[in-house]
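To start, the structure itself, in structure tokens.
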Amino acid sequence: MSKDHKALGLTRDDLIKMYRTMYLIREFEENAVAYFKQGIVIGNMHMYVGEEATATGICYALTKEDYVASTHRCDGHLIAKGVDTKPMMAELMGRENGICGGRAGKMHQSCPEVGFMAANGVVGASISQATGHALYCQMYAPGRVAVAFFGDGGGNQGAFLECVNMASVWKLPAIYVCENNHYAISTSVESSTALGHFWQRAEGLGIPGVLVNGNDVLEVYAAAKEAVERARRGEGPSFIECDTYRFRGHHEGDEQTYRSKEEVQYMKDHNNCLITMKKYMTENVGWTEEEDAALIKSVQDQVAESVAYGMAGKPMSAEDMESKLFA
Ligand SMILES: Cc1ncc(C[n+]2csc(CCOP(=O)(O)OP(=O)(O)O)c2C)c(N)n1
Ligand SMILES: [Mg+2]
């Protein structure tokens, strides 16, 4: 880890909360995949495993009143923003006790009560959505900020230039978070992106831009804290590029012929945010093996309860689906 938690104003308790959130995202998703393989979780599955430190570090700098716009790879953003994992799991199972009544599935979840405005499958759309949320904050809710999570594929959409330019001119309280996991489906970032990175584009748009290790939760949090403070002061948007990696395929079932098994294994061995954080906590705040085992058990219990909650829900029928159509 490259940052000192005390210099960031974080306590031992804060570190435990961050570590638990990252663990919860991973455990939740690994269970979701297992139930997907049994046909109990349904829909398209794009997993966030490997990228947990990015959502956790960014959202730890936010409050429930701040807004987040997300992508197809949304579980990490939902959990880090504070969405309850029970109705989340129910949603993935298409049950009426899901956070959107079983109508959203994996990719279209929303939970405005905690500021999670929407996930969606249109690559780059979160950039436009969060810019709109930031305009709302500036006009009607000063002090709040809006975050756009998007991938390296999303960063190459035209919406990026249009929205970030506008936000810069209007000094909107927006934070643009590019999750550069090095692939957009099978397209490597080197083959699609000049320089291989995005953060330098910020300068041309007149806002601060930084590149951080997206697998190091303290590094992500440090950048987020600075960006959030700047936005709350009314000084305008910031851009954060998080260098990260997805451990699973683009979607469940992806044969991943575009990258080698060795590459994936190397990243799992050297860029596992859970291992990095545990090491930091052991060395800096006396985190013990007993505490670690208890934390893992509490996460496993929470996910097991979430699965049971989902399974107890009534599956949506075609008739139910139509009951809330507006037109
Ligand atoms: C506008 C649009 N174009 C193309 C697609 C098809 N598509 C779905 S996911 C994806 C790749 C997205 O890559 P990235 O933004 O890097 O996010 P990641 O999947 O790596 O998290 C593409 C091209 C889409 N959903 N929307
Ligand atoms: Mg990507």
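All of the numbers you see were taken from the coordinates with simple rules; none came from a lab. The structure displayed is predicted, hence computed values, not measured ones. Note: ideal-geometry Cβ built from the backbone for every residue, glycine included; neighbour counts use all protein chains shown.
Figures for the structure shown
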| quantity | calculated |
| --- | --- |
| Any hit, segment 313-323, residues being within 22 Å of the chain's Cα centre (by Cα) and part of a helix (DSSP H, G or I) | no |
| Residue list for segment 160-193, filter: of a type in the set (G, A, S), in a helix (DSSP H, G or I), out of contact with any strand residue (DSSP E or B) (no Cβ under 8 Å at 6 or more places or on another chain) and within 16 Å of ligand 2 (Cβ to nearest atom) | S191 |
| Qualifying residue in segment 52-72 (condition: under 27 Å from D320 (Cβ atoms), more than 16 Å from ligand 2 (Cβ to nearest atom) and assigned to a helix (DSSP H, G or I)) | no |
| Residues of segment 195-223 that turn out to be part of a loop (DSSP other than H, G, I, E, B), among the polar types (S, T, N, Q) and touching a helix residue (DSSP H, G or I) at 6+ places or on another chain (Cβ under 7 Å), as a count | 1 |
| Test set (1) surrounded by fewer than 24 Cβ atoms within 10 Å (Cβ to Cβ); (2) within 16 Å of ligand 1 (Cβ to nearest atom); (3) polar (S, T, N, Q) - T54 fails condition number | (1) |
| Conditions (1) outside any helix (DSSP H, G or I); (2) surrounded by fewer than 21 Cβ atoms within 10 Å (Cβ to Cβ); number of the one not met by R20 | (1) |
| Matching residues in segment 100-126 - criterion: being buried (at least 24 other Cβ atoms within 10 Å of the Cβ) and not in a helix (DSSP H, G or I) | G102, K106, Q109, F116, A119 |
| Of the criteria (1) surrounded by fewer than 19 Cβ atoms within 10 Å (Cβ to Cβ); (2) assigned to a helix (DSSP H, G or I); (3) in contact (Cβ under 8 Å) with a residue 60 or more places away in the chain, which one E226 fails | (3) |
